[in-house]
Amino acid sequence: MSLLIDNIGELLTNDGPPLTDAAVVVDGDRIAWIGPAAQAPAADRRVGVDGAAVLPGFVDSHAHLVFAGDRAPEFAARMAGEPYTGGGIRTTVEATRAATDDELRAKAKKLVVEARRQGTTTIEIKSGYGLSVDDEARSLRIARELTEETTFLGAHVVPAGVDPDAYVDLVRGPMLAACAPYAKWVDVFIERGAFDGEQAREILVAGAKRGLGLRVHANQLTEGPGVRLAVELGAASADHCTHLSDSDVDALAGSETVATLLPGAEFSTRSPYPDARRLLDAGVTVALATDCNPGSSYTSSMAFCIALAVREMRMTPAEAVHAATAGGARALRRDDVGVLRAGARADLIVLDAPSHLHLAYRPGVPLVKTVLHDGVLQ
Ligand SMILES: [Zn+2]
C-alpha cells in the first residue's frame, strides 16, 4: 500500500535544504520517493496537506517513562523556593516498587501515546526507578514492549540505606545480567550525590562488555567528570551538559558523542539553561530531548523543548528542529529516523502551520496536526 503526500508548503528532510512544493511517497513503513510535487509518481492513496510544513517525526532520545506516582507537590515546593537536589528520585522508587506490572505498563504506554500525538515517533525509555534486580528487569521488560530504544539505568541513584560500593557491584553484576536482555543501552547518573567517575566507569565498561551502547547523565547540576568519561568511552550521548568546562566542550567537539540538551529539566527546576550556542559554535552535535520524568521534567512535548531552546538557549528555530529530529537520531546512533529520504522509516509529521518556524513562534500551541508512524497515519 503506497501513499502520496503532496501540496507540502515546506518539506524539511535533514538531507539537504528545505524543499517547497514538494511531495513524499511512502511504501509500507518506508519512504519510497521525495521530490517536486509535479514529478511525483502515482500511489494507491493521496493526501494533500494544503501548503503545510512536513518534517521528520521527533526523536526523543531521553525519557524516563516507567514509574508510578507523581511529584506535583515537590514541583510546587520547588517553585516556592526549595532547591532541586535529585533526592526526590527515591520517592518515585518507592511508588514504582509498590506498583503492579499492569499499572506501570498502562502509565508508560499512556505517555508514549501522549508523546506520539505530539509528533514523537521514536522514543528512548530508561529504567532507573526500580533499583533492585527484579524491579529494574521488569521496568526494562515493560519498556521493551513500547520501544526498541531501551536503556538500563540501574545507576540512577543509590537506594536509601544501601552501601554505595556494594550497590555498584550489584549494578554491574547481577542487575546488569538480568537487564541486558531487554536493554540496548546502559546509562549512569554521574553527579555529586549519585555516582562518581570511577563508579560510572566500572558500570559502563561492564555494560559495554555485555554489548550495550553507552550514554550518560553528565554535568547536570555541577561540573564533573561525566562528559569527559562519555567521550573517552565512546558513548553515543552525554545528556544535560549544563555545566561544562572549556575542556569538556573541546572533548565533545572532537568526538562522536552527541551533547543532548534537556531544557525541560532547567525549566522545571528553575535552573540556568545549558549554553547551546557555545556547543554549536564549537562544532558539537546537539540533540534536544524531553527528559520526561515525574520529578524534574514532566513534559512529553518536543515542541515545548524546541521553543525553550530557541527562546532561552539561543538556538535558531532551524537548529532546534534539527536537534529534535536528526540530533536525537545521532544520539541513538540511528540513520533510519530523524531524516526523510528514500529508504528511511516513514515517520513524519504534518504541522498546522506553513513552516517549522511556528514550532517556536507559537509556543504551547498543538501544531502537530498529523503523525505518520511506521507508514501508518495515527
Ligand atoms: Zn534523565
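For the reader, a short list of remarks on this structure follows.
- Residue in segment 255-267 that is among the charged types (D, E, K, R), in contact with a Phe, Trp or Tyr (Cβ under 6 Å, 6 or more places away or on another chain) and buried (at least 21 other Cβ atoms within 10 Å of the Cβ) present: yes
- For segment 202-212, filtering for residues that are of a type outside the set (A, V, I, L, M), on the phi < 0 side of the Ramachandran plot and either touching a strand residue (DSSP E or B) at 6+ places or on another chain (Cβ under 9 Å) or not in a helix (DSSP H, G or I) (or both) leaves 2.
- Residue that is surrounded by the fewest Cβ atoms within 10 Å (Cβ to Cβ) [pool: residues in segment 76-93 that are within 16 Å of the ligand (Cβ to nearest atom) and not polar (S, T, N, Q)]: 87
- Residue in segment 203-212 that is within 13 Å of the ligand (Cβ to nearest atom) and either more than 27 Å from residue 317 (Cβ to Cβ) or of a type in the set (A, V, I, L, M) (or both) present: no
- The listed residue being away from the ligand (no atom under 16 Å from the Cβ), at pLDDT 95 or above and buried (at least 24 other Cβ atoms within 10 Å of the Cβ), out of 96, 121, 151: 121
- Residue check for residue 137: of a type outside the set (Ser, Thr, Tyr), out of contact with any Leu (no Cβ under 6 Å at 6 or more places or on another chain), touching a residue at least 60 places away in the same chain (Cβ under 8 Å) and closer than 17 Å to residue 100 by Cα: no
- Screening the candidates 218, 194 for the property of being in contact (Cβ under 8 Å) with a residue 24 or more places away in the chain, within 16 Å of the ligand (Cβ to nearest atom) and touching a Cys at 6+ places or on another chain (Cβ under 9 Å) yields one hit, 218.
- Complete set of residues in segment 235-247 that are without any contact (Cβ under 8 Å) to a residue 24 or more places away in the chain and within 14 Å of the ligand (Cβ to nearest atom): 238
- Of the residues making up segment 7-30, just one is at positive phi, in contact (Cβ under 8 Å) with a residue 40 or more places away in the chain and more than 26 Å from the chain's Cα centre (by Cα), namely 7.
- Which listed residue is of a type in the set (D, E, K, R) and without any contact (Cβ under 8 Å) to a residue 12 or more places away in the chain, from 163, 250: 163
- Of all residues in segment 53-92, those satisfying the criterion of being farther than 19 Å from residue 107 by Cα and β-branched (Val, Ile, Thr) are 54, 59, 85.
- Filtered residue count, segment 118-153, keeping only those that are within 18 Å of the chain's Cα centre (by Cα) and either within 22 Å of residue 168 (Cβ to Cβ) or not polar (S, T, N, Q) (or both): 21
- For segment 36-44, the condition holds for at least one residue, the condition being that it is more than 16 Å from the ligand (Cβ to nearest atom), touching a strand residue (DSSP E or B) at 6+ places or on another chain (Cβ under 9 Å), in contact (Cβ under 8 Å) with a residue 40 or more places away in the chain and more than 30 Å from residue 241 (Cα to Cα).
- Condition met for residue 143 (crowded, with 21+ Cβ neighbours inside 10 Å, in contact (Cβ under 8 Å) with a residue 60 or more places away in the chain, part of a helix (DSSP H, G or I) and small (Gly, Ala, Ser)): yes
- Cβ pairs under 6 Å, 6+ apart, first in segment 313-331 and closer than 15 Å to residue 264 by Cβ, second of a type in the set (S, T, N, Q) and part of a loop (DSSP other than H, G, I, E, B): 328/61
- Verdict on residue 78 being part of a strand (DSSP E or B) and not hydroxyl-bearing (Ser, Thr, Tyr): no
The values are calculated or read from the model by the stated rules, or taken from the named source; none is laboratory data. These numbers come from a predicted model, not from an experiment. FYI the Cβ positions are ideal-geometry reconstructions off the backbone, even for glycines, and counts take in every protein chain you see.
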